[in-house]
Structure formats: structure tokens, C-alpha cells
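Undergrad: Following this message is one structure expressed as C-alpha cells.
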Amino acid sequence: MNVLILSSSSENIEQKYIEQAQNVSAFLAAKGFNLIFGGSHRSMMGICYQEFIKRKRDVYAFTKKEYIDQLKYLEKAKINIVDTTFDLKKLMFEKSDLIICLAGGIGTLSEILSYIEEVRSNKQDKPIIIYNENNFYHNLFEQLKIFEKEKFISSNVKSFFEIVNNEKEFEDKINKLIKESEKNE
């Protein structure tokens, strides 16, 4: 199975976010997942790449033409170069079986909301897990409550993603998804 991990390429973040990416990636790679990601060698994205490569998993890096210079650091990845962030989001979504949303900035937030809407509006059966350690996405969830209260979205939007708050919840959720997948084979 291919897992799309959304995360940050910012090098100015706290170490706890790097560790989060490392732990999540090591666990998923050990479970046999292949990585789909935004194609940066820096920060959380770079750690994800390293953990999957270390465990001899396939890695698919998607990036825009503007960032081609970063690809030299991803020599073991299968590279996909696109023109726009819209193309990037679409291709990563299509290639993935599961989406994990780690801490990130505006690009990560854009991807999260795009993928929730894609699953909702096109009735896709693709799990989306938002990793909310230390309440990182608290304000996003509060904003969704405002949208719901003001009738811009229905309450069922929450059914298109799941929230985990720590490593144990995350691992339990992945193990459950793997068992469900094995039953369906």
C-alpha cells in the first residue's frame, strides 16, 4: 500500500516535529507501506524519505519544476515533476491508498482540506488520518465547527477524516486499517 505523508519542509521547526515524522515513517515503512510525498529532502519531508529508504521501501517524490534542484538529494526516489501545486495534489492523491497529515504549514493545510473535499465530494474510499499531537490542528477543528454552526458545511464532514492525538492512537489506527485491508483481500 502507498501512504501519502503530508508534512513540512521548513527547517526552522522544533525537533519534536522531526521526531514525529521519524517515528511515523519508521512505523509505516516497517509495516510495508511505500511513501508518497512532496519531494523535499529537508526537515520532516527529508526524514520521511530517509526512514522509508532505510527500510528498502519504494518512495515516490512529487515536486514542481521550481524545485528540481532538490531532487539530487532524493536519488533513490521515483521522481514525478509537475507544473502546478494543483497537479501535485491530484497525482499524489491518485497514487495513494492512505493519507497521513502531520504538522505542516500552508501547503500542508491546503492539501488536507483539498483531500477531505475530494473524498467527500467524489465519495472516495480513502482513509485520511490527521495526526493532532499537542493539539497542533486544534484551531483547524475549531474553524470546522464554526463552518458547521454557520451552516457552511454539514456535520458529516468529520466522517471523512480521523484524528489521532499520539503515537499509540496512530499505531492502533494503522494496525486496524491493515487488518481491515487483509479481510477484504
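Undergrad: Considering Phe152, Phe136, Phe170, Phe93, which residue is closer than 21 Å to Ser10 by Cα and aromatic (Phe, Trp, Tyr)? Steps first, answer last, please.
TA: Details: Phe152 fails: closer than 21 Å to Ser10 by Cα; Phe170 fails: closer than 21 Å to Ser10 by Cα; Phe93 fails: closer than 21 Å to Ser10 by Cα.
After ruling out the rest, the residue left standing is Phe136.
Undergrad: Hey, does the stretch 141-151 have a residue that's without any contact (Cβ under 8 Å) to a residue 24 or more places away in the chain, buried (at least 19 other Cβ atoms within 10 Å of the Cβ) and in a helix (DSSP H, G or I)?
TA: Checked against the condition, which is being without any contact (Cβ under 8 Å) to a residue 24 or more places away in the chain, buried (at least 19 other Cβ atoms within 10 Å of the Cβ) and in a helix (DSSP H, G or I), the stretch 141-151 yields at least one hit.
Undergrad: State whether the residues of the stretch 103-120 include one that is surrounded by 14 or more Cβ atoms within 10 Å (Cβ to Cβ) and in a loop (DSSP other than H, G, I, E, B).
TA: yes
Undergrad: Could you identify the single residue in Leu35, Leu4 that is assigned to a strand (DSSP E or B), free of Cβ contacts under 8 Å to residues at least 60 places away in the same chain and either among the hydroxyl-bearing types (Ser, Thr, Tyr) or in contact with a Leu (Cβ under 8 Å, 6 or more places away or on another chain) (or both)?
TA: Leu35
Undergrad: If you don't mind, another one. What number goes with the only condition from (1) out of contact with any Gly (no Cβ under 8 Å at 6 or more places or on another chain); (2) surrounded by 15 or more Cβ atoms within 10 Å (Cβ to Cβ); (3) not in a loop (DSSP other than H, G, I, E, B) that Met92 does not pass?
TA: (1)
Undergrad: I want to confirm something. Restricting to the stretch 22-51 and keeping residues that are among the charged types (D, E, K, R) and within 17 Å of Leu74 (Cβ to Cβ), which single residue is surrounded by the most Cβ atoms within 10 Å (Cβ to Cβ)?
TA: Glu51
Undergrad: Now a separate question. Quick one: which residue in Lys31, Lys56 is at pLDDT 95 or above and on the phi > 0 side of the Ramachandran plot?
TA: Numbers: Lys31 fails: on the phi > 0 side of the Ramachandran plot.
It is Lys56.
The values are calculated or read from the model by the stated rules, or taken from the named source; none is laboratory data. Everything quoted here is computed from the prediction, not taken from an experiment. A quick note on method: Cβ atoms are made from the backbone with ideal geometry, for glycine too, and the neighbour counts reach across all protein chains shown.
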